[in-house]
Amino acid sequence: MGKIQAPDQTPLEKLDEWIRAYEKDLLRICCLYLRDWSLAEDAVQETFLKAYKQMDSFRGESHEKTWLTRIALNQCRDMRRGAWFRFVDPRVSIDRLPGTTPPPSAEHVALTTAIAKLRPKYMEVVLLYYYEGYRMKEIAQMLHITEAAVSTRIRKAKEKLKDELEGGNDHDE
């Protein structure tokens, strides 16, 4: 499958369609991953820019949203590796997350805060599996790991979240 746009769509029209369809989802993932609203907006912008530049190379082996999410996660990882990110402790306010839902409950805020404290490898599988609804096979493809590794990370993340929410233990692997 060469190009992913319909014959009557230009690349810019396709990009606009992606932005309308996936911007909020990508912003939510990036915001939780980076813990900073401005950095998340930058990551999403870079994601769409990279996707636009690579549009011709998309082979259609996965859904567009899966492909865009992979690009966004890679962008977030790159940003977290940067020198600036190591010297600051950015925190995103839960009420700044995109969405049209009523204010979150105290339990939801506690859970989201606990998820944000997880190591990135655990946080990303939790976000993709529970928040975005991807199947383990899709997550494995996205992260270039085995399904068994995804399952293990989800199990360990659940254990860490349970410890954090029930006992306040702060152990990290």
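Observations on the structure shown:
- Projected label points at GLU159 and GLN9, each 7 Å from Cα along the beta carbon direction, are separated by 4.3 nanometres.
- Loop sites in the range 114-147: chymotrypsin sites (Phe, Trp or Tyr not before Pro), DSSP, at most 11 other Cβ within 10 Å: none
- Here GLU147 sits with roughly 100 square angstrom of accessible surface, probe radius 1.4 Å.
- If the chain linking SER62 and TYR131 were pulled fully straight, counting 0.36 nm for each residue of separation and taking away their Cα-Cα distance, it would gain 23.0 nm.
- Short-range pairs are left out: with C-alpha atoms under 8 Å and at least six residues apart, the relative contact order of the range 6-74 is 34 percent.
The values are calculated or read from the model by the stated rules, or taken from the named source; none is laboratory data. Quantities reported herein were computed from a predicted structural model and do not represent experimental measurements. Every residue, glycine as well, gets a Cβ built from its backbone with ideal geometry; the counts of neighbours run over all protein chains shown. In case anyone asks, the SASA skips ligands and DNA or RNA and just uses the protein heavy atoms, side chains included. Shrake-Rupley method; radii C 1.70, N 1.55, O 1.52, S 1.80 Å.
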